[in-house]
Structures are given as structure tokens and as C-alpha cells.
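*Asks:* For reference, the structure I am asking about is given below.
The values are calculated or read from the model by the stated rules, or taken from the named source; none is laboratory data. As the structure is a computational prediction, the values presented were derived from the model and not from experiment. Virtual Cβ from ideal backbone geometry, glycine too; neighbours counted across all protein chains shown. Note: accessible area is taken over every heavy atom of the protein model, side chains too, but ligands, DNA and RNA are not part of it. Shrake-Rupley method; radii C 1.70, N 1.55, O 1.52, S 1.80 Å.
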Amino acid sequence: MTERRSWAEPWKIKMVEPITMTTREHRAAANLAAGFNTFLLASDDVYIDLLTDSGTSAMSENQWAGLMLGDEAYAGSRSFYHLVDAVAEVYGYEELVPTHQGRGAEHILSQILISEGDIIPGNMYFTTTKFHQEYAGGRFVDVIIDEAHDPASTHPFKGNVDLDKLAAVVDEFGAERIPYISVETNVNMAGGQPVSMANLAATYEYCHRHDILVMLDATRAVENAYFIQQREPGYAGKSIAEILPEICSYTDGATMSSKKDNLVNIGGFLALRDPELARKARALLVAFEGLHTYGGMAGRDMEALARGMREMVATDDHIRARIGQVHYLGRLINEAGIATVQPIGGHAVFIDAAAALPDMPRDHFPAQALTAAIYVDSGVRAMERGIVSAGRNPETGDHNRPKLELVRLTIPRRVYTQAHMDVVAESVAAVYEQRGQIKGLRFTYEPPELRFFQARFEEID
Ligand SMILES: *Cc1c(COP(=O)(O)O)cnc(C)c1O
């Protein structure tokens, strides 16, 4: 029996947005036109959009009110100072460099810290993060614990840094070739898996002994804080608002995609502790993003962001409902006998496509094929996170072959109801029943960079 969900969302709906109800015939044609890539579908052809939780949140009445109060001054906008105060209070960073979104911050950070030939260890890669590290001449090396690569492992903190792997990297390349380690909270590519506070503290201590900076990818740090509260000894009595700055205290700075935790549709920032580094970042900012008091954001965007940031930690109810909804969907899918990454993470349910389609060769892209099949079945839009997303090795030209071959069902914040989740679970179960009919895919177009966004495929007969 399903455990009783004895709570509901801490909000009610004030405005509704109609969504398209499509037919199977229509979806089959749309899938072909999109080359079996859900990134290439028009949203009008989508019923329930679980492509991403990026920029898809519903803003609150307070945030919408903030849009009207945004100060659009080119320099020294009041809304910028509101944002500076919010970042200092909520995350604890003093130096704020606003950017248009997360990758803008990653670009600036990589350019100011990485030299040709440098090594950047990280707890698994994220697509845009790794791109910017390589674009700046560096090379990413994975130092996440082995459990992260095993979808069945129920380790409570699968995002942890493996300090032995990190030490081996430092021994091999020398600390002077490692400007910083990139530590991601609630590791996206591992299935939204958290890092423990103890691991963050140990990583910071180790890195500081070796003069290596610790840069946080704080995109999902609030979700990570929730898992620390739920799972790590000593944190059950602390609020999310207390745990979050403690996470940041073990870092020298952070890149942030505010399109996730921060409950806005666009925005991001680079936060730093060292004023000298911040000065370098601002010098590049004016060339690539905008003046240092708006980065890539309008005044109204900064106002909504400052408010969203405070809202996400104002009480623990928001994050409990957010992750509760993800876990509700995960439980329904698992109860249908379908393997997912365990434990269910903070922002998405990741279906193990390699387990669902065990006879399909990885080079036929099982997760891409399963994602397309779910869309055709119900209009639910998911995303591939496997061999297609991993791209090619720049040296050998061969596919990178991650252990995980996943379909990601990502839940936007405060957007869909429990009934939508029921429909999603029913569709996934129906496709799983008929999985023998799913055919493998091959590229008809493969872009050189971040190929998963715009690649096109056809079925292999
Ligand atoms: C989304 C995301 C980014 C990139 O941010 P954008 O705002 O999409 O540019 C970086 N890191 C992680 C972990 C993310 O989820």
C-alpha cells in the first residue's frame, strides 16, 4: 500500500495556464519532426513538461509584485543591492557577481582561474560546467565516490567527494596544476544526490592544506540542505536556513543557476569571498554579461530573484513539498517494477534505461529511445542523461561511456499537481510494458559541442 501523503503543498493556485491536450497521432508526427530529440519539440506539442526544472518554476505573488518594483537603472540599481543583501544573508557570500544564468558564472569563473593544461577535479561533471573548464584550457577529472556510478546503491550521500581519488589526482598532477575543485551539491548527473556536511568539511580542509580553492556549484544547494537535515546525524533540529550557509562556509565561492533552487525563470550569479578574485571577475563581466550591477539581468529579474531566494528558505515547508512531490512520483514508478536511480533524488526521477532495455546496445542510445517513446505515449516530455549527453572524448573522438544510462523526469517547482504525477507514472508504466517494441537510434545530425541539445536521430531497423 502506498504510504499516506498526509500533507499538501504550502500554496494554492491563483492563476492557471492552459496546456495542450494532444493525440497520439499528433505526437508521433511531432517526434519524427524533432528527430527523436525532446529538446527539439515545440512546447505546444507537450502535455506535461518534465524536460527540466530549469527556469520552469512558478513564481509567488510576492515575486510577481517584485517585478513591478524592479529598478531598471543601468548602474547601481536598487534591485541589485537587494540581491546582494539576499545572497549575503541566505548563502553567506559577501562578493556578488550577477550573471544572466549559471553558465555565465561558470564562464567567468573558468576564465579567471584556469590556465592551459590545468586539472579541475569535480564530484561528477555537469555539461556546461565541464564545457567551460575545457574551453578555458583545463581538463575535468571525476573524483566522486564509486557509489554515485551505481544506480542501485542506496548510499545516503552519493554526491560525496572521494578524498582518496582527490589525493591521487593531486599526487599525479601536483597541487599547482589544480586551481580549484568544483563541488556540486545535489549532484544532477548522479540523480540529484547530496553531499554530506562532513564530506564538505573534509574536502575543504584537505584542499586548503594544498592551496586548492573549493568552488561550489550551488545550483541545488537548498535541496542538498534538506537531505542533510533528513539524513545526517546532528542536523535534524536545524532549519534549512541554518544549514545552507553552513554548506557555503566550506567553500571559497559558488556558481549559481538561479533558474533552479531560487524560484525564478532566469538569472544566476558568481559569489566569491576574495575581493581580489571578485575584481577580476567583474572586469570580464562587463565584456561578456553586462555592467557589474546587473550582469545579464533586468532590474525586475534581480528583484524577483532576491525574493525567491528568501522564500525558498523562509520556512522548511517549501523544500519539503518540493522534494516530497519528486519522491511521490519516484515511489509510483518503483511500485510499477521499474528501476530508477536510488535513493530518489531532489529534483527528478531517473529511470534506469539500461535496465529497462537490457538487450539494446549502448551505442543505439537506449535512454534517448525510451525518452522518445514516453513522449509519443502520453505527451510527457523527459530528457536523456546517458551516452548522448556525455558527448565524445576530445582526444580519441570516441563516445564517452558513462555507467549511467538514464531517462530524467524533472519536476518544475510549484507547477504541477499530484494528479499530473499520477498521469506521468501511468504513462511510464505503459511504455515499460511495451518496451519490446522500442527500437534503437542512430545520429542523423551530431553537433560538435553539447550535442544532446540539437542532435537528430532516426530509428535503426
Ligand atoms: C543548470 C545547471 C547549470 C547551468 O546553469 P544554467 O542556468 O542552465 O546556465 C550548472 N550546474 C548545474 C548543476 C545545473 O543544474
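*Asks:* Residues of the stretch 418-441 being touching a residue at least 12 places away in the same chain (Cβ under 8 Å) and over 18 Å from VAL376 (Cβ atoms), which ones?
*Replies:* GLN418, HIS420, MET421, ASP422
*Asks:* Restricting to the stretch 141-171, count the residues that are hydroxyl-bearing (Ser, Thr, Tyr) and more than 19 Å from LYS403 (Cα to Cα). Give the derivation first.
*Replies:* First, the residues of the stretch 141-171 that are hydroxyl-bearing (Ser, Thr, Tyr): 153-154.
Within this subset, residues satisfying the condition of being more than 19 Å from LYS403 (Cα to Cα) are none.
Result for the stretch 141-171: 0.
*Asks:* Looking for something assigned to a helix (DSSP H, G or I), more than 27 Å from GLU223 (Cβ to Cβ) and touching a helix residue (DSSP H, G or I) at 6+ places or on another chain (Cβ under 9 Å) - is there at least one such residue anywhere in the stretch 403-425?
*Replies:* Filtering the stretch 403-425 down to residues assigned to a helix (DSSP H, G or I) leaves 418-425.
Applying the additional criterion that residues be more than 27 Å from GLU223 (Cβ to Cβ) yields none.
Among the residues of the stretch 403-425, not one is assigned to a helix (DSSP H, G or I), more than 27 Å from GLU223 (Cβ to Cβ) and touching a helix residue (DSSP H, G or I) at 6+ places or on another chain (Cβ under 9 Å), which makes the answer no.
Table: residues versus (1) at negative phi; (2) touching an Asp or Glu at 6+ places or on another chain (Cβ under 7 Å); (3) polar (S, T, N, Q); (4) without any contact (Cβ under 8 Å) to a residue 40 or more places away in the chain.
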{"residue": "ALA353", "(1), (2), (3), (4)": "yes, yes, no, no"}
{"residue": "ALA356", "(1), (2), (3), (4)": "yes, no, no, no"}
{"residue": "ALA367", "(1), (2), (3), (4)": "yes, yes, no, no"}
{"residue": "ALA372", "(1), (2), (3), (4)": "yes, no, no, no"}
{"residue": "ASP377", "(1), (2), (3), (4)": "yes, no, no, no"}
{"residue": "VAL380", "(1), (2), (3), (4)": "yes, no, no, no"}
{"residue": "ALA390", "(1), (2), (3), (4)": "yes, no, no, yes"}
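*Asks:* Sticking with this one: For the stretch 187-197, name all the residues that are assigned to a helix (DSSP H, G or I) and either among the aromatic types (Phe, Trp, Tyr) or within 13 Å of the ligand (Cβ to nearest atom) (or both).
*Replies:* Within the stretch 187-197, ASN188, MET189, ALA190 qualify.
*Asks:* Something else about it: Give the stretch 200-222 a look and list any residue that's away from the ligand (no atom under 16 Å from the Cβ) and touching a Gly at 6+ places or on another chain (Cβ under 8 Å), or say none.
*Replies:* Matches in the stretch 200-222: LEU213 only.
*Asks:* Select from the stretch 104-130 the residues that are of a type in the set (S, T, N, Q) and surrounded by fewer than 23 Cβ atoms within 10 Å (Cβ to Cβ) and write down the one among them that is nearest to the ligand (Cβ to nearest atom).
*Replies:* The selected residue is THR128.
*Asks:* Would you call ILE338 under 12 Å from THR410 (Cα atoms), surrounded by fewer than 23 Cβ atoms within 10 Å (Cβ to Cβ) and in contact with a helix residue (DSSP H, G or I) (Cβ under 6 Å, 6 or more places away or on another chain)? Show your work before the answer.
*Replies:* On the way: under 12 Å from THR410 (Cα atoms): no; surrounded by fewer than 23 Cβ atoms within 10 Å (Cβ to Cβ): yes; in contact with a helix residue (DSSP H, G or I) (Cβ under 6 Å, 6 or more places away or on another chain): yes.
So ILE338 does not fit the description; no.
*Asks:* Follow-up. Consider ALA321 carefully, then state whether it is surrounded by 19 or more Cβ atoms within 10 Å (Cβ to Cβ) and not in a loop (DSSP other than H, G, I, E, B).
*Replies:* No: the conditions fail for ALA321.
*Asks:* When you go through GLY55, GLY92 one by one, which is the residue that is out of contact with any Asp or Glu (no Cβ under 8 Å at 6 or more places or on another chain), at pLDDT 95 or above, within 16 Å of the ligand (Cβ to nearest atom) and not in a helix (DSSP H, G or I)? Let's see the steps before the verdict.
*Replies:* Values: GLY92 fails: within 16 Å of the ligand (Cβ to nearest atom).
It is GLY55.
*Asks:* So the check is Cβ under 7 Å with 6+ separation or different chains; which pairs have a first residue in the stretch 173-192 that's at pLDDT 95 or above and among the aliphatic types (A, V, I, L, M) and a second one that's open to solvent by 20 Å² or more (accessible area, probe 1.4 Å) and away from the ligand (no atom under 12 Å from the Cβ)?
*Replies:* So the pair list comes out as ALA175/HIS210; ALA175/ASP211.
*Asks:* Next question. May I ask you to verify whether LEU200 is at pLDDT 95 or above, crowded, with 17+ Cβ neighbours inside 10 Å, touching a strand residue (DSSP E or B) at 6+ places or on another chain (Cβ under 8 Å) and assigned to a helix (DSSP H, G or I)?
*Replies:* yes
*Asks:* Would you mind finding the one in VAL431, VAL388, VAL407 that is of a type in the set (Val, Ile, Thr), outside the structural domain of GLY308 (by TED's automatic domain parsing), over 30 Å from VAL264 (Cα atoms) and buried (at least 20 other Cβ atoms within 10 Å of the Cβ)?
*Replies:* Testing whether each residue is of a type in the set (Val, Ile, Thr), outside the structural domain of GLY308 (by TED's automatic domain parsing), over 30 Å from VAL264 (Cα atoms) and buried (at least 20 other Cβ atoms within 10 Å of the Cβ) leaves just VAL431.
*Asks:* Is the stretch 48-70 home to any residue that is touching a strand residue (DSSP E or B) at 6+ places or on another chain (Cβ under 6 Å) and polar (S, T, N, Q)?
*Replies:* Yes, the stretch 48-70 contains a residue that is touching a strand residue (DSSP E or B) at 6+ places or on another chain (Cβ under 6 Å) and polar (S, T, N, Q).
*Asks:* Got at least one residue in the stretch 437-446 being aliphatic (A, V, I, L, M), under 30 Å from MET59 (Cα atoms) and either in a loop (DSSP other than H, G, I, E, B) or within 22 Å of the chain's Cα centre (by Cα) (or both)?
*Replies:* no
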